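Here the structure is laid out as structure tokens; the discussion comes afterwards.
The values are calculated or read from the model by the stated rules, or taken from the named source; none is laboratory data. Nothing here was measured: the structure is a model prediction, and the numbers come from that model. Here the Cβ positions follow ideal geometry from the backbone for every residue, glycine too, while neighbour counts run over all protein chains shown.
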Amino acid sequence: MTYADLVFVNGPRTLAVADGRIVGDTADLRGPKTEVVDLRGRLLIPGFQDAHIHAVMGGVELGQCDLTGTVDRDEYLRRIRRYADDHPDAEWIVGGGWSMESFENGVPDRHLLDSVVPGRPVFLINRDHHAAWVNTVALERAGITRDTPDPEAGRIDRDADGHPIGALQEGAMSLIDLPGATTEERVAGLLRAQALLHSLGITAWQDAMVAATNGYDDVSEAYERAARDHLLTATVVGALWWDRERGAEQIPELVAKRERLTLGRLRCDSVKLMLDGIAENFTAAMTAPYRDSCGCATTNRGLDFIDPEALKGYVTELDALGFQTHFHALGDQAVRNALDAVEAARKANGHLDTRPHLAHLQVVHPYDVPRFAQLGATANMQPYWAVHEPQMDELTIPFLHPDLAAWQYPFGDLHRSGARLAGGSDWPVSTPDPIQGIHVAVNRVLPGETGPRFLPDQALDLGTALRAYTAGAAYVNHLDDTGGLRPGMRADLVVLDRDPFAAPVAEIGETRVALTYVDGKLVFDSESGSAVR
């Protein structure tokens with residue numbers, strides 16, 4: 001008789017694990033060396049997975065000038081000054097996490113940075129990672145003046161006389177020749193992130209920007225080294241970056257990168273195509289034009305970073321080569337462009353098991369909602385954003401056509417239409433904690449708040465939201481032997497500190513992770529307060 005290595009008892013269910021796999025739902029397989037975990041009524045679930053995250057970026061930023069957790073402008077300046085004082089030998093002051101709501105019209109001023117760091121260049125990315133706040137020295141080093149034209153896929157914010165204010169939107173960030181982190185720093189950031197994610201119950205993820213270009217850091221070498229040196233305990237899918245300044249000629253390079261970057265617990269067979277920007281800086285691609293501060297329609301419908309017609313050909317070729325396509329599609333026009341491209345690929349190649357998915361989905365036109373299920377495209381949602389907060393109420397809703405504003409984050413409609421849902425965080429843009437995302441998906445308010453709820457008809461039930469972060473994300477990640485608790489599946493497991501189904505949904509966000517297992521091995525224990533290796 002083969003005994004279990006691990007048995008969970010005294011919870012809503014019993015589970016036995018042997019050789020890293022679930023072998024049954026009975027305690028009868030206990031032997032003399034079996035470890036018994038007393039659940040004490042706590043809930044045992046499959047490990048969470050994140051279908052859209054930037055783990056290396058988030059881990060590196062944890063060691064930089066951190067402006068997250070506050071919207072107080074004076075607090076930003078105190079932290080920046082303190083960081084600069086603590087790092088006197090740093091040539092650049094780098095970090096981020098500031099919120100657009102902290103500044104008039106969402107645009108920060110270089111003179112504020114000059115007041116605390118006058119002699120060194122400063123580059124601080126915002127919490128959405130779609131804009132940077134820079135000081136005068138940084139602008140001077142880059143040669144950015146009133147005569148510098150806006151790049152095609154970005155904008156230099158300017159004052160009334162045309163001088164740069166100190167905010168660079170989207171592709172304008174690449175005008176700054178920022179020294180990147182070293183591979184060693186990125187590996188350290190990855191391991192820092194892995195420990196944090198395990199503490200939140202995350203056992204696998206898809207990194208949405210590997211081998212990046214267009215001014216973004218290339219984190220592929222960090223993943224390659226960590227996988228080669230057996231430093232990864234999580235399973236990672238890497239989405240290779242599509243260079244939007246090039247065309248189909250880059251596809252053979254992606255094939256070579258897929259081969260090189262698939263080793264150990266790392267697999268890079270997804271391609272990330274960033275189709276548009278974000279609504280707050282009016283670069284998300286919409287079917288109706290943005291409004292101005294007076295509520296009048298403008299001529300701006302946002303940006304298409306990739307030509308929609310060319311996109312169809314790119315996606316069709318990638319699909320035929322077995323690549324998954326992972327779209328950044330935030331505005332409803334970008335969502336439609338992505339679905340049109342998936343439809344073209346389906347018509348040309350048939351329904352290959354490539355599992356395309358669209359991330360963010362801030363605005364989805366009702367016409368396109370049923371197309372997800374029809375085309376087999378997964379809705380990769382970041383539900384933590386679906387709330388009333390200043391960035392939504394002051395910088396988004398007033399500038400959207402009323403119809404577009406009413407079609408935001410329609411997770412309920414997508415679910416009712418039969419679409420498959422996957423959960424992601426986009427960390428470090430927002431919290432990586434899946435429980436917080438689940439809370440908002442169910443309540444449409446942030447944990448600890450009571451309302452008003454944001455478009456409450458689009459709320460999900462707890463079971464559906466939980467499946468999005470387990471089975472749904474596992475499907476997107478092609479990890480078909482994870483995301484469930486059936487015999488034969490990998491023992492990627494999480495023990496929560498309570499059963500959230502037994503409490504009011506308003507308390508979901510109070511839930512914490514007690515234990516995290518990967519392949520039946522403990523990688524986080526809340527009692528020790530640290531990752532276990």
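Conditions (1) at pLDDT below 95; (2) over 30 Å from Met209 (Cα atoms); (3) β-branched (Val, Ile, Thr), marked per residue:
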position: Gly11; (1), (2), (3): yes, yes, no
position: Leu15; (1), (2), (3): no, yes, no
position: Thr26; (1), (2), (3): yes, yes, yes
position: Arg30; (1), (2), (3): yes, yes, no
position: Glu35; (1), (2), (3): no, yes, no
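What's the number of the condition Asp457 fails, among (1) within 26 Å of Ala239 (Cβ to Cβ); (2) acidic (Asp, Glu); (3) not assigned by TED's automatic domain parsing to the domain that holds Arg13?
Asp457 satisfies all of (1) within 26 Å of Ala239 (Cβ to Cβ); (2) acidic (Asp, Glu); (3) not assigned by TED's automatic domain parsing to the domain that holds Arg13 except (1).
Yes or no: Gly166 in contact with a Lys or Arg (Cβ under 7 Å, 6 or more places away or on another chain), outside any helix (DSSP H, G or I) and not β-branched (Val, Ile, Thr)?
Yes, satisfied.
Any residue at all in the range 83-91 that's in contact with a helix residue (DSSP H, G or I) (Cβ under 9 Å, 6 or more places away or on another chain), buried (at least 20 other Cβ atoms within 10 Å of the Cβ) and either of a type in the set (A, V, I, L, M, F, W, C) or over 26 Å from Glu184 (Cα atoms) (or both)?
no
Mind checking which residues of the range 316-351 are touching a strand residue (DSSP E or B) at 6+ places or on another chain (Cβ under 6 Å), assigned to a helix (DSSP H, G or I) and small (Gly, Ala, Ser)?
Listed by number, the list holds a single entry, Ala338.
Determine whether Arg260 is surrounded by fewer than 21 Cβ atoms within 10 Å (Cβ to Cβ) and within 21 Å of the chain's Cα centre (by Cα).
no
Quick grid of which residues meet (1) touching a residue at least 40 places away in the same chain (Cβ under 8 Å); (2) more than 30 Å from Gly59 (Cβ to Cβ):
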| residue | (1), (2) |
| --- | --- |
| Trp427 | yes, no |
| Ile438 | yes, no |
| Asn443 | yes, no |
| Leu446 | yes, no |
| Pro452 | yes, yes |
| Leu455 | yes, yes |
| Ala459 | yes, yes |
| Gly463 | no, yes |
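Let's see how each residue does on (1) closer than 28 Å to Trp133 by Cβ; (2) of a type outside the set (Gly, Ala, Ser); (3) surrounded by fewer than 20 Cβ atoms within 10 Å (Cβ to Cβ); (4) outside the structural domain of Ser270 (by TED's automatic domain parsing):
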residue: Gly302; (1), (2), (3), (4): yes, no, no, no
residue: Glu309; (1), (2), (3), (4): no, yes, yes, no
residue: Glu317; (1), (2), (3), (4): no, yes, yes, no
residue: Gln324; (1), (2), (3), (4): no, yes, no, no
residue: Asp340; (1), (2), (3), (4): no, yes, yes, no
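Go through Ala239, Ala212, Ala195 for me and flag whichever is free of Cβ contacts under 8 Å to residues at least 60 places away in the same chain, under 18 Å from the mean Cα position of the chain (by Cα) and either part of a helix (DSSP H, G or I) or crowded, with 17+ Cβ neighbours inside 10 Å (or both).
Ala212
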